[in-house]
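Chemist: To start, I am sharing the structure in question, which I have written as structure tokens.
Computed from the coordinates by the stated procedures, all read-outs in this text should not be read as laboratory data. Just so it is clear, the model here is predicted, and its values are computed rather than measured. Here Cβ is always computed from backbone atoms with ideal geometry, including for glycine, and neighbour counts include all displayed protein chains.
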2 protein chains.
Amino acid sequence: MSTTEAPTLVISPSQFLAHWQAHRRLTRRAIVAFPDDQLFTFSVSGMRTFGALANEMLGMAVSTVNGVITNKWDSYVPSAATTKDEVLTQWDESTRQLDILFPQIPAARFQETMTAFGQWTMPGYDLLLYIVDNEIHHRGQGYVYLRALGIEPPPFYDRS
Amino acid sequence: MSTTEAPTLVISPSQFLAHWQAHRRLTRRAIVAFPDDQLFTFSVSGMRTFGALANEMLGMAVSTVNGVITNKWDSYVPSAATTKDEVLTQWDESTRQLDILFPQIPAARFQETMTAFGQWTMPGYDLLLYIVDNEIHHRGQGYVYLRALGIEPPPFYDRS
């Protein structure tokens, strides 16, 4: 690529945010699909409950975007929610905060290497993808928990 | 953004490919972790086996990139592999083909809307993300299968 040529636009910041929020809508539906009394009690083969996994997602999302914006990183702290209602309330608050914060990421930060939470060193885009990928990974596990509970998970392709 | 300003570089095509191939290395390790006689027989709660899910991934990866390059779409056909050796041989061949094909995607195609396999209409970047996300989703399910078999899955954060 010559220096006068614009870089290829694969995905814009607003498209990245929209993609993530679409995944977050699907994850929210997976949380809702769990019976209230199983979200923090049921798992397969001693793995973490889907409530614990949702608390991890909640602990990562806004704090990572804040860190990417400011390059100030606190310790990673998962949410301490203990009920489905608490998880969903925090989820919706995170949704609102991500919509406000994500557009504030300075353009250069996506390609800058940073160390998140004192331990994960990678470019900004990779760090943000890591958070989204981690959510998809754990939601996939939650789908198996739902099947094991005899519950049909929400369709993977529907992110509306 | 003014019209003279270059778009924000979130992720370049080569970074996207590297990100995907890193996930594909991890998925390969998950396939390897299954005992030969469980890959196409074991699952949880009547779900598809991880062998069947790997065959779906194999059927999507190269054919999607080919479609994004050419905008010619055949029907979606999963791999018909029936053994771990066959899956891994096809996996490694796909790895080589993706390295050759992905850089041939014309720059404008990432933002063009297209209909893949006659049924999925979305921009090129979203279609490619869908394939990666689908792999992460099903691999997460495979992690639960491995735990249910008493096998420690490969670490999620290690994509080397």
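Chemist: In debye to the nearest 20, how big a dipole does the protein assembly as shown give about its Cα centre with +1 on each Lys and Arg Cβ and -1 on each Asp and Glu Cβ? Walk me through the numbers on the way to the answer.
Modeler: On the way: 24 positive and 32 negative charges, 14 e Å.
In debye, rounded to 20, the protein assembly as shown gives about 60.
Chemist: Quick one: net charge around B:ASP85, please, counting Lys, Arg +1 and Asp, Glu -1 for every other residue with C-beta under 14 Å from its C-beta.
Modeler: Details: positive: B:ARG28, B:LYS84; negative: B:ASP36, B:ASP37, B:GLU86, B:ASP92, B:GLU93.
Net charge around B:ASP85: -3.
Chemist: Explain nothing, just compute: Karplus ³J(HN,Hα) = 6.51 cos²θ - 1.76 cosθ + 1.60, θ = phi - 60°, for every residue of the range B:41-48 in order, whole Hz, x for Gly and Pro.
Modeler: With the stated coefficients, the range B:41-48 comes to 10, 8, 7, 10, 6, x, 6, 5 Hz.
Chemist: Within a 10 angstrom radius of each residue's Cβ in A:35-48, how many Cβ atoms of other chains show up on average? Whole number is fine.
Modeler: Numbers: counts 0, 0, 0, 0, 0, 0, 0, 0, 2, 6, 9, 2, 4, 0.
Taking all residues of A:35-48 together, the mean is 2.
Chemist: Still on this model: Other chains' Cβ within 10 Å of B:138-146 residues: what's the mean? Please report the intermediate quantities before stating the final value.
Modeler: On the way: counts 4, 4, 13, 8, 3, 6, 12, 3, 1.
The mean count of partner-chain Cβ atoms within 10 Å per residue comes to 6.
Chemist: Given a cut-off of 23 Å, what percent of all Cα-Cα pairs of the range B:17-148 lie beyond it? The partial results should precede the final answer.
Modeler: On the way: 2743 of 8646 pairs.
Percentage above 23 Å: 32.
Chemist: Please turn the phi angles of the range B:8-19 into ³J(HN,Hα) values with the Karplus equation 6.51 cos²θ - 1.76 cosθ + 1.60 (θ = phi - 60°), one per residue in order, whole Hz, x for glycine and proline.
Modeler: Values per residue, Gly and Pro as x: 4, 8, 7, 8, 8, x, 5, 5, 4, 4, 4, 4 Hz.
Chemist: In whole Å, how far is the Cα centre of the range B:8-40 from that of the range B:124-147?
Modeler: Cα centroid of the range B:8-40 versus Cα centroid of the range B:124-147: 9 Å apart.
Chemist: If you don't mind, there's one more thing I want to ask. If you put a point 7 Å past Cα along the Cβ direction, how far is that point for B:ALA108 from the same point in each other copy, in nm, smallest first?
Modeler: Values, ascending and in nm: 3.2.
Chemist: State, to one decimal in nm and shortest first, how far the label point of A:ARG25 sits from each corresponding label point in the other identical copies (label point: 7 angstrom along Cα-to-Cβ).
Modeler: 3.5
Chemist: Classify the protein assembly as shown as rounded, prolate or oblate from the Cα gyration tensor: take a ≥ b ≥ c as the square roots of its eigenvalues, call it rounded if a/c is under 1.5, otherwise prolate when a/b beats b/c and oblate if not.
Modeler: Numbers: a/c = 1.69, a/b = 1.08, b/c = 1.57.
It is oblate, given that a/c is not under 1.5 and a/b is not larger than b/c.
Chemist: Between chain A and chain B, with a rotation axis joining them, whose C-beta in A is nearest that axis, and what is the whole-Å distance?
Modeler: A:GLY140, 1
Chemist: For every other residue with a beta carbon closer than 12 angstrom to the beta carbon of A:ILE131, add +1 if it is Lys or Arg and -1 if Asp or Glu, then tell me the sum. Please list the in-between numbers first.
Modeler: Details: positive: A:ARG24; negative: A:GLU56, A:ASP126, A:ASP133, A:GLU135.
So the surrounding residues net to -3.
Chemist: Next question, about the same structure. Pop a pseudo-label 7 angstrom from the Cα along the beta-carbon direction at both A:LYS72 and A:GLU93 and give the gap in nm to one decimal.
Modeler: Output for this residue pair reads 2.0 nm.
Chemist: In degrees, nearest 10, range 0 to 90: what is the angle between the Cα axis of helix B:50-70 and the longest Cα principal axis of chain B?
Modeler: Roughly 20 degrees, rounded to the nearest 10.
Chemist: Determine, for each peptide in A:154-160, A:100-106, the mean count of other beta carbons within 10 angstrom over its residues, then list the peptides with the highest first.
Modeler: Working: A:154-160: 12.9, A:100-106: 15.1.
The packing order, highest mean first, is A:100-106, A:154-160.
Chemist: Taking only the Cα atoms of the range B:100-160, how large is their convex hull per residue, in Å³? Don't skip to the answer; put the middle values down first.
Modeler: Values: hull volume 7.9 nm³, N = 61.
Hull volume normalised by residue count: 130 Å³.
Chemist: What dipole magnitude, in Debye to the nearest 20, does chain B give about its Cα centre under +1 on Lys/Arg Cβ and -1 on Asp/Glu Cβ?
Modeler: Working: 12 positive and 16 negative charges, 26 e Å.
Magnitude of the dipole: close to 120 debye.
Chemist: Let me ask something additional. How crowded by other chains is A:11-24, given as the mean number of beta carbons from other chains within 10 Å of each beta carbon? Before the final figure, lay out each step's value.
Modeler: Numbers: counts 13, 7, 3, 2, 7, 5, 0, 1, 5, 0, 0, 1, 3, 0.
Shielding by partners across A:11-24 averages 3.
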